[in-house]
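Presented below is the structure to which this report refers.
The values are calculated or read from the model by the stated rules, or taken from the named source; none is laboratory data. Computed from a prediction, not measured in an experiment: that's the story for all the values here. In this analysis, Cβ positions are derived from the backbone assuming ideal geometry, glycine residues included, and neighbour counts consider all displayed protein chains. Only protein heavy atoms, including side chains, enter the accessible area calculation; ligands, DNA and RNA are left aside. Shrake-Rupley method; radii C 1.70, N 1.55, O 1.52, S 1.80 Å.
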Amino acid sequence: MATSDLVVPAQSSSSDFKSPTSIVNDFSIQIATVNGSGSQSANNVLLRSIFRMGVPVSGKNLFPSNIAGLPTWYTIRASKDGWVARKASIDILIAMNPETAQEDVRTLPADAAVIYDEAIVLNELRHDLTFYAVPFDKLAVETGAEPKVRKLIKNMVYVGVAAQLLSIDMGSVEAMVGKQFAKKAKAAELNLRAVQVGFRFATENLTKCDPYRVEAMNATAGKIIIDGNAAAAMGAMFAGVTVVSWYPITPSSSVVEQLIGYMKKHRVEPDGKATFAIVQAEDELAAIGMVLGAGWAGARSMTASSGRGFR
């Protein structure tokens, strides 16, 4: 994503917060969800929206290699000085997983902020934090989403809430929703509506009480933002890989998913003939077997995982 299309941020209602202790472009957000809940798209939109405002930012997943339904955490660090490693503590928690919510809150430092699903009831656990209760289920209904996708669309609602509370430019958020769902017009429209529902709720119902906010900078000019799996896929293509066999499993799946897109764009002859083969195997053992066989036959081959948890 180029930064030449930087949008000057519009002011949200929370931008009037001018506490002497305001902390600008220097905080860490932790989003606690469950694996397979569709939160990755929402997290990418939030991360890239901050980046598009010219603020150095990094994102990192923290989760075991597991099946859907188990805990997942995603950390976004905004640093005006360009630091990319995780901070020792979390400043803003978005608590969407009832199984880990109480422990996530207990480990926060004093004065942190918590955006949480009001059904979890976290605000009585501690009195040294700022709590923002959000009726995510109700707001998901307001988006007009079908019942089967409301669990997924709740993620975009928290993007809207966070954008309003942190003064993230909505122009940047809208642009990143469009980019995230560039090939799915209906999905883009629904997800943007979810962001707007969350933003509107925060504007009308939440009073800004924490010091954290985002202000536009010009510290990302000439830079791109890319996740590790996408970078690994790009490196494999430039290294000349021609045969890939894989079995999809978090967190390695996106290596090959990204590689498929790169190879279709850059490794197809003018006559339409592909110069590569990417095969989804029935399990990791079959995948590594195909890779070994291709290698013995002279191809430059790879797989994304050799077993659950090993990549």
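Summary table below
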item	result
Equivalent ellipsoid, segment 192-311 (semi-axes from 5 times Cα gyration tensor eigenvalues, Å)	40, 19, 14
For segment 195-207, 3J(HN,Hα) per residue [Karplus equation, 6.51 cos²θ - 1.76 cosθ + 1.60, θ = phi - 60°, Hz, x = Gly/Pro]	4, 5, 5, x, 4, 5, 4, 5, 4, 8, 10, 10, 9
Whole-Å distance, taken between Cα centres, linking segment 75-145 and segment 223-260	31
Relative contact order, percent, the chain [alpha-carbon distance under 8 Å, six or more residues apart]	21
Simple label model, 7 Å out from Cα along Cβ direction - Asn205 to Val84, nm	3.8
Of Lys87/Lys138; Lys154/Lys223; Lys60/Lys179; Lys186/Lys208, pairs whose Cα-Cα distance is over 28 Å	Lys87/Lys138; Lys154/Lys223; Lys186/Lys208
Per residue solvent-accessible surface (Å²) - segment 91-138, probe of 1.4 Å	46
Rotationally averaged projected area of the chain (alpha carbon convex hull; nm²)	17.5
Surface share of carbon and sulfur [accessible, 1.4 angstrom probe, percent] for segment 195-263	56
Sites Leu70 and Ile226 - FRET efficiency at Förster radius 30 Å, r taken between beta-carbons, to 0.05	0.70
Normalised alpha carbon radius of gyration of segment 119-180 [divisor 2.2 N^0.38 Å]	1.31
Accessible area in square angstrom per residue, segment 164-303, 1.4 angstrom probe	53
Cα-based radius of gyration of segment 31-109 once divided by 2.2 N^0.38 Å, which approximates compact folds	1.12
In range of the label at Ala297: residues from segment 232-273 whose backbone nitrogen is under 13 Å from the point 7 Å along Cα→Cβ	242-245
Label-point separation in nm, Asp283 to Lys265, each point 7 Å along Cα→Cβ	3.6
Gyration tensor (Cα) of segment 160-246, equivalent ellipsoid semi-axes in angstrom	34, 18, 11
Within the accessible area of segment 104-168 (1.4 Å probe), percent carbon and sulfur	49
